[in-house]
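**Student:** For reference, the structure I am asking about is given below.
The values are calculated or read from the model by the stated rules, or taken from the named source; none is laboratory data. Every value quoted in this text rests on a predicted model; they were computed, and no experiment measured them. We place every Cβ from the backbone using ideal geometry, glycine too, and count neighbours over all the protein chains shown.
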Amino acid sequence: MTREREQREIHSWLTDMDGVLVHEGKALPGAADFVRTLRDKERPFLVLTNNSIFTERDLRARLRTAGIDVPEGAIWTSALATAQFLHDQVPGGSAYTIGEAGLTTALYEVGYTLTESDPDYVVLGETRTYSFEAITKAIRLIQGGARFIATNPDVTGPSAEGDLPATGSVAAMITAATGRKPYFVGKPNPMMFRSALNQIDAHSETTAMIGDRMDTDVVAGIEAGLRTFLVLTGSTQEHQVERFPFRPAEVVPSIAELVERI
C-alpha cells in the first residue's frame, strides 16, 4: 500500500452492523456518535449486514431501540444485494425462495415473481424455520435446471441458546444432494460491497469499510478496493489478525476511535 493510498481522504463509509454497531441488541461504544456524525456532516454511508431475515425497516427499528438512528435507505442487506444481482442478471425473472420477509420483499421490489413452477433461480436465504419440505423442493428444482443462489455463506447464526444452522449449512446440504454449488452474493463476496457503492454513488478509492471479521468484512473490503478498518468489538481478536495472509489498513479498539476521522 503506497503512502498516498494510506493517507487518502475518506468521503464515504460502509460499516458492518453486528460486532461494530451493536452486540446482542445493545449499542457498542461510539456507535451512536459515529452514525450521528455521518448524518450531521452529510457523508454518504451504508450499514451492511449478511442477515437476510429482516427488511430495512425492521433493522432500522432494531437499531433505534439500541439508540442508533439509521435511515432505512442507509441499510444494505445480503437480501437486497441478492435481489439487485438477480435483477441485473435476469430482469423480471422468477425464483423459488427459502427465506423470510427480508428476502422475499427485496425480490418482489425488483420485479421478481416468486413461484414453485419452473423458476429461473432457487434462492436460499436465512430463516429460523427451515423445513424439510422446502429443502426437498429446492433440491428437485435445482435438479430440474434452476440456478442456485444463496444470500450469504455464513454456516451458523447466533441465538440466546447458542449457534443455529444458517444459510451456508443448508446450502451445503443442498449441494450434497444436487452436486450444484450456489453462488453466494453476500460477504465475503466483494460484489456486495460494489453494489453498496453504487447505492450511494461512491468510489472505492475514497470509501472505507469498518468490520469486526477478518474473513468476511476485511477480505471483501480489500478485494473491493476499499480502505479497511478492523474493530475489536466483535468476532476477530487482535491476536488472531496475524493468522491471515492479508491485513486491514488499521486495527482499532472500537468504532469510537473513528468518529473524529469522519
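**Student:** Would you confirm, using the coordinates I've provided, whether Thr178 is surrounded by 15 or more Cβ atoms within 10 Å (Cβ to Cβ), at pLDDT 95 or above and among the polar types (S, T, N, Q)? Please lay out each step first, then the result.
**Tutor:** Numbers: surrounded by 15 or more Cβ atoms within 10 Å (Cβ to Cβ): yes; at pLDDT 95 or above: yes; among the polar types (S, T, N, Q): yes.
Judged against the criteria, Thr178 is a match.
**Student:** While we're looking at this one, here's another question. Just one of (1) surrounded by 15 or more Cβ atoms within 10 Å (Cβ to Cβ); (2) over 19 Å from the mean Cα position of the chain (by Cα); (3) under 30 Å from Ala171 (Cβ atoms) trips up Leu38, so point out which.
**Tutor:** Exception for Leu38: condition (3).
**Student:** OK, next. Would you check which residues across region 39-89 are in the same structural domain as Ala196 (by TED's automatic domain parsing), over 23 Å from Met191 (Cα atoms) and either of a type outside the set (Lys, Arg) or assigned to a helix (DSSP H, G or I) (or both) and list them?
**Tutor:** Arg39, Asp40, Glu42
Each row is one residue, and each column tells you yes or no for (1) of a type in the set (A, V, I, L, M); (2) closer than 15 Å to Leu48 by Cα.
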site	(1), (2)
Asp163	no, no
Ser169	no, no
Ala172	yes, no
Ala224	yes, yes
Arg227	no, no
Arg247	no, no
Leu258	yes, no
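**Student:** Any residue in region 237-257 that's within 22 Å of Thr207 (Cβ to Cβ): show its pairings with residues that are exposed (fewer than 12 other Cβ atoms within 10 Å of the Cβ) and of a type in the set (D, E, K, R) at Cβ separation under 7 Å, as long as the two are six or more apart or on different chains.
**Tutor:** That search, which allows pairs on different chains as well, returns Ala249/Glu6; Val251/Glu238.
**Student:** Can I ask one more? Kindly check whether there is at least one residue in region 100-122 that is free of Cβ contacts under 8 Å to residues at least 12 places away in the same chain and at positive phi.
**Tutor:** no
**Student:** Among the residues of region 163-172, is there at least one that is under 20 Å from Ser78 (Cα atoms), touching a helix residue (DSSP H, G or I) at 6+ places or on another chain (Cβ under 8 Å) and not aromatic (Phe, Trp, Tyr)?
**Tutor:** Scanning region 163-172 turns up at least one residue that is under 20 Å from Ser78 (Cα atoms), touching a helix residue (DSSP H, G or I) at 6+ places or on another chain (Cβ under 8 Å) and not aromatic (Phe, Trp, Tyr).
**Student:** Could you please find all residues in region 99-157 being assigned to a loop (DSSP other than H, G, I, E, B) and of a type in the set (Asp, Glu)? If you could, list the steps in order and put the result at the bottom.
**Tutor:** Of all residues in region 99-157, those assigned to a loop (DSSP other than H, G, I, E, B) come to 99-100, 110-112, 115-120, 125-131, 144-146, 151-155.
Matches in region 99-157: Glu100, Glu116, Asp118, Asp120, Glu126, Asp154.
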